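Can you read through this structure? Questions will come right after.
The values are calculated or read from the model by the stated rules, or taken from the named source; none is laboratory data. Owing to the predicted nature of the structure, the values given are computational and were not obtained by experimental measurement. Counting neighbours? That spans all protein chains shown, and the Cβs are built from the backbone with ideal geometry, glycine included.
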Amino acid sequence: MPGGDRLRARFTDLRARATIGRVAIVVAVLATVLVRAAAAQAAVELGPLLALYAPVSGFQPAPYYTTRLPNSPGDLSGLAWGGEMRLWFAQRAGLQLQIASASSLVGGGNTPGGPVPSTPARVLTASVQALYTVATNAHSARLWIGGGLGVVRHGGAAYAPYGAPVQLATALGLGSAIPIGRHLNATVGLTTFLYSIDVSDSAGTSLEHGGQVDPLVHAGLVWSWR
């Protein structure tokens with residue numbers, strides 16, 4: 001690999017590590033808050049989730065296209081799985097940590113050299129949001145809105161040559177929990193990630209660029225305790 005390519009790859013790797021490091025710090029702070037709040041008898045919710053990852057925006061025109069990458073963000077749509085944790089400090093205020101991973105097959109198709117197979121891609125999303133309850137009822141059902149910091153990582157074989165880029169995002173959320181047992185709630189919600197993507201080749205040519213809107217529609221089960 002030429003020296004310039006090695007330097008660019010190293011820079012991309014350091015930038016991704018720095019972004020992940022900042023998120024790790026946020027997660028560590030949140031975990032500390034959760035532990036202290038649990039000791040103070042705050043309400044904690046924890047459980048798995050199943051989601052549909054469905055990007056709705058587009059990419060700006062690129063100088064050239066590759067069969068390795070998706071033609072549009074929508075090609076990355078797919079089922080996602082992950083988990084979520086919420087802490088309710090009081091009747092209405094809370095914090096949420098959510099993570100989900102979606103897999104898909106992108107690119108490929110017929111070329112002058114013959115058919116090219118699709119390439120696996122994986123998108124990892126994570127967010128930390130402040131929550132505010134906008135409605136409750138006598139049966140302890142809850143409806144909330146949220147907002148905070150998110151991270152979107154594009155990986156898998158499709159993005160490996162481009163350093164598996166990581167983007168900071170604004171995360172906006174809407175969710176609801178309905179009790180179905182003494183300590184068990186069913187949850188549904190929508191988390192939307194707003195960010196700008198920039199995927200470049202080794203020469204610095206931008207192949208994917210532009211503002212992105214990535215909705216994540218999710219449902220799950222959470223166990224709650226005080």
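Can we say Leu184 is within 20 Å of Ala130 (Cα to Cα), surrounded by fewer than 19 Cβ atoms within 10 Å (Cβ to Cβ) and either modelled with pLDDT of 90 or more or touching a helix residue (DSSP H, G or I) at 6+ places or on another chain (Cβ under 8 Å) (or both)?
no
Given the conditions (1) in contact with a Phe, Trp or Tyr (Cβ under 6 Å, 6 or more places away or on another chain); (2) among the hydrophobic types (A, V, I, L, M, F, W, C); (3) more than 19 Å from Phe193 (Cα to Cα), and given that Ala141 satisfies all but one, which numbered condition is not satisfied?
Going through the list (1) in contact with a Phe, Trp or Tyr (Cβ under 6 Å, 6 or more places away or on another chain); (2) among the hydrophobic types (A, V, I, L, M, F, W, C); (3) more than 19 Å from Phe193 (Cα to Cα), Ala141 breaks only (1).
For the list (1) surrounded by 15 or more Cβ atoms within 10 Å (Cβ to Cβ); (2) over 17 Å from the mean Cα position of the chain (by Cα), I need the number of the one condition that Ala141 fails.
(1)
Kindly indicate which of Ala160, Ala126, Ala130 is more than 17 Å from Thr191 (Cβ to Cβ) and among the aliphatic types (A, V, I, L, M).
When all the criteria are applied, what remains is Ala160.
From Thr125, Thr133, which residue is surrounded by fewer than 21 Cβ atoms within 10 Å (Cβ to Cβ), touching a residue at least 24 places away in the same chain (Cβ under 8 Å) and assigned to a strand (DSSP E or B)?
Details: Thr125 fails: surrounded by fewer than 21 Cβ atoms within 10 Å (Cβ to Cβ).
Answer to the check: Thr133.
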